[in-house]
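Readers should treat all values here as calculations from the given coordinates under stated rules, not as data from a laboratory. What you see is a predicted model, and the numbers here were worked out from it, not measured in a lab. Cβ coordinates were reconstructed from backbone atoms using ideal geometry, including for glycine residues, and neighbour counts include every protein chain displayed.
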Amino acid sequence: MVLRRVLLGGLPALLTGCAAWQAPGYNLPPLPAPPTGPYRLGPGDVLRIRIYDQEQMSGSYHVDDSGYIDMPLLGLISAGGSSASALAQRISTALRAHQLILHPSVAVEVSTYRPFYTLGEVTAPGQYPYRPGMTVLTGISIAGGFTYRAETAYVGVTRNIGGMAAQYRAPTAALVQPGDVVTVFERRF
């Protein structure tokens, strides 16, 4: 009789513990939709800038940690958060303002995107080059695929939105953005 009371008395605590348990990362908010519009430049991107008939100013430029590129004769130009076409317009305006070229023709393209990162239950966690249009599953396959302990239904994605980094839950079909950190959780069973 006493044993039955002890066992039945502990049952509510056991059930409460089971109800409170959730898989790792499951309680994260869902990943917001990727931003619409053109790609926004950011620190770590490598740009190829061509200025028509100006070979000495044309070349490869890195967007630094502050979001700037350093161009000869123009100095620091803000690139972070801009589209490639907006940056081309900004460079054209600077060339005219400094009276270096009266009617500049500037083209900007991203030659190397900033990387994305994988952590957790993947075969080879680390830093990998981003490719436009890649999904979380593509990124995981680049990192060698899931380990046998991996939770394969969803992942955690840490993304910088509006200057603040936050972690979200995402399906494997979600699109990866440059700079994302994809965390593959360990399954419990």
Principal-axis tilt of helix 84-97 within the chain, Cα atoms, nearest 10 degrees: 30 degrees
Length added when fully stretched, Leu76-Ala107, from 0.36 nm per residue minus Cα-Cα: 9.4 nm
Which order results if His98, His103, His62 are arranged by neighbouring Cβ count within 10 Å, fewest first? His103, His98, His62
Among 177-188, 133-144, the order from most to least packed when residues are scored by Cβ within 10 Å on average: 177-188, 133-144
Just to be sure I understand the model, the point goes 7 Å from the Cα along the line to the Cβ. What's the resulting Tyr52 to Arg187 distance in nm? 5.8 nm
